[in-house]
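Chemist: Below is one structure. I have some questions about it.
The values are calculated or read from the model by the stated rules, or taken from the named source; none is laboratory data. Please read these numbers as outputs of a predicted model, since none were measured by experiment. Every residue, glycine as well, gets a Cβ built from its backbone with ideal geometry; the counts of neighbours run over all protein chains shown.
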Amino acid sequence: MSIDQVALLPGYCAAGTALLAFLADLLVPGRRAVVAAATAVGTVATAVAAIAVGRGPVRRTFCSVGCSYVADHRAALIAVVFALLTLVVVALSVPSQSLGEYYFLLGCSMTGGVILGYTRDLISLTVAVETLTLPLYPLVAFRRRSVASAEGAITFFVVSVVSTAVTLLGAALLYASTGALHFTVLAGALQQGHRQPMVTTGAVLVIAGLAFKVAAVPMHAWAPAAYDGAPVPVAAYLSTASKLGGVIAILYVAVDALGPALDIVGPALAVVATLTMLVGNLGALRQTRMVRLLAWSSIAQAGYILAPLGALALSRGRTPPAMSAAVAATVGYAVFYVILEIGAFGAVVALRGDQDGGPIADYRGAARRAPWVTGVFTLSMIGLAGLPPGLAGLFAKVIVVRALLSGGAAWLAIVVAVNAVIGLAYYVRAVGSLFATGDETARIRVGWPVAAALGAVAVVAVVVGFAPQLVIDSLT
Amino acid sequence: MTAGEVFLVVTLAAPALGAAGAALVPARADRLGRLVATVAAALAFLASLALFHRTIPPMPTVPRSRIVPWHQVDLRWAPGLDLRFHIGVDGISYPLVVLTALLTLICCIYTLWAVPAVEVVSPGAQPRSTPPPYIAGRLLAALLLVIEVGILGVFLALDLVLFFVFFEIVLLPMYAVIAGWGGPGRRHAARKFVLYTLAGSVLLLVGVFLVVTRAGTADLVKLSAAHGAGLSSGLQLAAFVLLALAFAVKSPLWPLHTWLPDAHTEAPTVGSVILAGVLLKMGTYGLLRIAVGVLPDGARRVAPVLGVLAVAAILVGGLVCLAQTELKRLIAYSSVGHMGFVLLGIATLNATGIQAALIGNIAHGIITGLLFFLVGAIKDRAHTGEMTQLGGLRERMPRLAGLLGYAAIASLGLPGLAGFWGEAFAVVAALRHGGPLWTVLAVLAAFGGALAAAYFLRLLRRVSHGPVGPAFAGACAPLSAGEVVSWAPLVVLALAVGLVPGVVLWLAHGPVMELVAR
């Protein structure tokens, strides 16, 4: 079997990034700038490699009955997004993290995310997801001498292991009943009517296990503890890159592999999406700590991301155009979401330095202490609420509602709409505290890597806000 | 690009740029920031005036083109979302556009002189006797301009999705105006306002895309021309209900009005003026142009319900006003009643009713804007809006009392002033619609009009006449130049529209005939 090394180039670059960080720490110990810069260069190289490979013809490798690794346009897009998200997180980490291991683990996690986009069978997919998740257990625990950090990591670890087991069990059941692991082969087998109860069970289990990654209900409870315990940049990574990984995995499995069984998966996704939105929003209403509020809100956001797939529950939503619209809406919303979410977390890092997120009350007076950072924070939060001036968020909501209505799922569109109203209640409260009168003694100084990252994210958010077509075009 | 298109773009761009400019001015040059905002608002006002177009649109074609814009700009924005930047102006939207630009300009001028302070006093504490300091007036002015962009955009949009986007723009700046510069209960009021109106606008989102995904276009000109063709009766009903709910929250229509009194009571003077003057009109305009224009069949089926609710609003508003003791709350509830007349006019779905609604919109914007300015001035001096504390304004400040009397009489619908036409013709339109239901509604609405006279006369008796109340015991600042300058246009317009209502009616005649023709 010949292996197409060029197709693997983005993966090599990503893994190389991790090694580079490790080596840099070994050769020039104690120089955080060098390690961070090496990691940053690696992420950029990964993005460039992914673009270069993606521009060429579709490359397939590791092929037997089907191909396990396909380097197409879609995969390239996913790899680029992962690399850029990691780059931003590296920049946000500079003030607080100096250990080489930290950047090494970040690089490892990125490798999983980059590879994830290229995988085309259940086992590779699971391995990629695990590579993405595994380095995050120690990363969550990286705030030393913090009990919350260790607790968060343990919670995260336990739930993660269980959900991986569930996914694998589901994959095994599917394999046992169809004899297939490759997405295309599996879909073909289901098309020809393998419809034992075991297939149903397997499909639901795979989706349920992957729902953990996006922190969807009922696998959501780990998120607030893990986010609040983790260093803020790691929380940013968890709520963007890691969540995006889960979304991609669910999309691949639900649409590519289990497409013919959507009458089983669709209703499950609709229920999960509805519950996730509701539970996330209601949970966020009562939060008094900033990162916990963001964590609960990101649970709710996962619900919005999955909502378009809920339209697949209806037979009218399973026509090819409606299906591709639903997939495009999910990815589109996810892209808008990660931009705004990383902006919000970046602003928290900028305002809090190397501290944890802290109580919301501590943010009073931020508008006068750091007006620009507050501006980005406001833009991001309001965008997550789906309102102008966060036009990116507004269009994200529009994409979801439009896809749901063209799929005939008007009831789900109304659920999304009602949830947007609940969501605004806490987003407005959090943003309002920034403008409240409070401690305004000193201006907050923001280091240049954080400022640059935050500035770049803000520019991207504004640009895609005014030109949402850029995102929509990049999906097709 | 023709001159008209340039003016169209300037009308929207001037306030947007002005808002950015005013917000970027450093804090120590606050007055400069307010000046920048005022200049931008003036530019927008001049540009909106220049949109006027004298030529009468060509006679009806087949198939009817129901919206014939005087000028339009149509640019690609996001085809993936059915979103085009398509704006235009015609006889229905023109008066509202000018009114919006005028009121914003007046409010910006007003901020040049006075900005209410952010009070950190607890509700029970003694009111301060010193005049409020000017705090961040440039930001207030910038927010007013952003609100102007949103409202103008709603009136100008000829694309359903664009309409929705502009509809949303208004929400948070208005929240910030109330929460940042409002009275003691401002946070609660602001939150109530933003959640209620967001609930309305998400329903609008669903309704808009229900129409867009079925009709395959978001172009308002095309959708109106189709006049509901190609949209099934059930879909029209569902979409109309969604849209009507969305616009009913904004207008507001009883029983969805409860955010309005709180928002008005707590909002700063300029916030109240914009809110009552033009922001509510987004609801009635949307109902007219989008809901009735695009979904005529749904409109016909829901119209009786709308009519009943509108008359309920008129009666409830009037009765609550009779029992009201707080000045701003009273004016706010009177708004509910007045907007009830506007909605009744629309619900009749005939030319008279819609004309009545349009002129009622304009008249309410002018008169209630003026009333909120006057009440704000009284509260600035008396530090209370409780009518039991007031009294004897006629002796302490005869000119302010005179203006209050004038505005109150205009608002209760004295013939010869602006308020008369909208309300009288809404009743006439309901009668003309015929049938027992509409006759009863007309009678009840007329009775509601009489209630307005009762509560406004009660207000005047309490505030202007009688012995000098405790609130006016101290020295009262005379009217400032800023107040006189900013009120004068409204005083003149209330009389002008009252004497020559034809100005508005003539502009809208053609488009309204197109709208109601089957």
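Chemist: Within the range A:327-345, identify whether any single residue is within 25 Å of residue A:226 (Cα to Cα), out of contact with any strand residue (DSSP E or B) (no Cβ under 6 Å at 6 or more places or on another chain) and outside any helix (DSSP H, G or I), and answer yes or no.
Modeler: Checking the range A:327-345: not a single residue is within 25 Å of residue A:226 (Cα to Cα), out of contact with any strand residue (DSSP E or B) (no Cβ under 6 Å at 6 or more places or on another chain) and outside any helix (DSSP H, G or I).
Chemist: Still on this model: Only one of (1) more than 16 Å from residue A:348 (Cβ to Cβ); (2) more than 7 Å from chain B (Cβ to nearest Cβ) fails for residue A:388. Which number is that?
Modeler: The one condition residue A:388 does not meet is (2).
Chemist: Another question, then. Can you tell which of A:434, A:424 is away from chain B (no Cβ under 11 Å) and of a type in the set (A, V, I, L, M, F, W, C)?
Modeler: Details: A:424 fails: away from chain B (no Cβ under 11 Å).
Going through A:434, A:424 in turn, the sole match is A:434.
Chemist: Search the range A:462-476 for residues being aliphatic (A, V, I, L, M) and at the interface with chain B (Cβ under 10 Å from one of its Cβ atoms), and hand back the single one that is nearest to residue A:72 (Cα to Cα). Write out each step before concluding.
Modeler: Initial filter on the range A:462-476 (aliphatic (A, V, I, L, M)): A:462-464, A:467, A:470-472, A:475.
From what's left, at the interface with chain B (Cβ under 10 Å from one of its Cβ atoms): A:467, A:470-472, A:475.
Values: A:467: 25, A:470: 19, A:471: 17, A:472: 17, A:475: 12 Å.
Across the range A:462-476, the extreme among qualifying residues is A:475.
Chemist: Let me ask something else. Does the range A:225-239 include one or more residues that are more than 23 Å from residue A:153 (Cβ to Cβ), surrounded by fewer than 22 Cβ atoms within 10 Å (Cβ to Cβ) and either at pLDDT below 90 or out of contact with any Lys or Arg (no Cβ under 6 Å at 6 or more places or on another chain) (or both)?
Modeler: no
Chemist: Sticking with this one: Test of understanding: among B:177, B:194, which residue is among the β-branched types (Val, Ile, Thr), under 21 Å from the mean Cα position of the chain (by Cα) and at the interface with chain A (Cβ under 8 Å from one of its Cβ atoms)?
Modeler: Values: B:177 fails: at the interface with chain A (Cβ under 8 Å from one of its Cβ atoms).
Checking each option against the conditions leaves just B:194.
Chemist: Residue A:459 fails exactly one of the following numbered conditions: (1) modelled with pLDDT under 90; (2) farther than 25 Å from residue B:200 by Cβ; (3) over 19 Å from the mean Cα position of the chain (by Cα); (4) more than 10 Å from every other protein chain (Cβ to nearest Cβ). What is the number of that condition?
Modeler: Every listed condition holds for residue A:459 apart from (1).
Chemist: So if I check each of A:429, A:445, which one is charged (D, E, K, R) and more than 12 Å from chain B (Cβ to nearest Cβ)?
Modeler: Details: A:429 fails: more than 12 Å from chain B (Cβ to nearest Cβ).
Every option except A:445 fails the conditions.
Chemist: Need the failing condition index for residue A:448 against (1) surrounded by fewer than 22 Cβ atoms within 10 Å (Cβ to Cβ); (2) touching a residue at least 40 places away in the same chain (Cβ under 8 Å), just the number.
Modeler: (2)
Chemist: Looking at (1) facing another protein chain (nearest Cβ under 9 Å); (2) at pLDDT 90 or above, which one does residue A:402 not meet, given that it meets all the others?
Modeler: Of the numbered conditions (1) facing another protein chain (nearest Cβ under 9 Å); (2) at pLDDT 90 or above, the odd one out for residue A:402 is (2).
Chemist: For residue A:416, only one of the following conditions fails: (1) surrounded by fewer than 20 Cβ atoms within 10 Å (Cβ to Cβ); (2) in a helix (DSSP H, G or I). What is its number?
Modeler: (1) is the only condition that residue A:416 fails.
Chemist: For the range A:129-160, what are the residues that are touching a residue at least 24 places away in the same chain (Cβ under 8 Å) and closer than 16 Å to residue A:112 by Cβ?
Modeler: Passing the criteria: A:129, A:130, A:132, A:133, A:134, A:135, A:136, A:138, A:139, A:140, A:156, A:160.
Chemist: Test each condition in (1) within 23 Å of residue B:372 (Cβ to Cβ); (2) in a helix (DSSP H, G or I) for residue B:478 and report the one that comes out false.
Modeler: (2)
Chemist: So residue A:447 clears everything in (1) at pLDDT below 90; (2) within 29 Å of residue B:79 (Cα to Cα) except one condition, right? Which one?
Modeler: It is condition (2) that residue A:447 fails.
Chemist: (1) β-branched (Val, Ile, Thr); (2) touching an Asp or Glu at 6+ places or on another chain (Cβ under 9 Å); (3) in a helix (DSSP H, G or I): which one isn't true of residue A:51, the others all being true?
Modeler: Failed condition: (2).
Chemist: If I ask for residues that are of a type outside the set (Lys, Arg) and facing chain A (nearest Cβ under 9 Å), which ones from the range B:209-226 would you list? Write out each step before concluding.
Modeler: First, the residues of the range B:209-226 that are of a type outside the set (Lys, Arg): B:209-213, B:215-221, B:223-226.
Within the range B:209-226, B:209, B:210, B:212, B:213 qualify.
Chemist: Moving to a separate point now. Could you list, in sequence order, all residues of the range B:215-229 that are more than 25 Å from the chain's Cα centre (by Cα) and part of a helix (DSSP H, G or I)?
Modeler: Hits for the range B:215-229 are B:215, B:222, B:223, B:225, B:226.
Chemist: While we're here: Checking residue A:55 against (1) free of Cβ contacts under 8 Å to residues at least 24 places away in the same chain; (2) under 21 Å from the mean Cα position of the chain (by Cα), which test does it fail?
Modeler: Evaluating residue A:55 over (1) free of Cβ contacts under 8 Å to residues at least 24 places away in the same chain; (2) under 21 Å from the mean Cα position of the chain (by Cα) leaves (2) as the failure.
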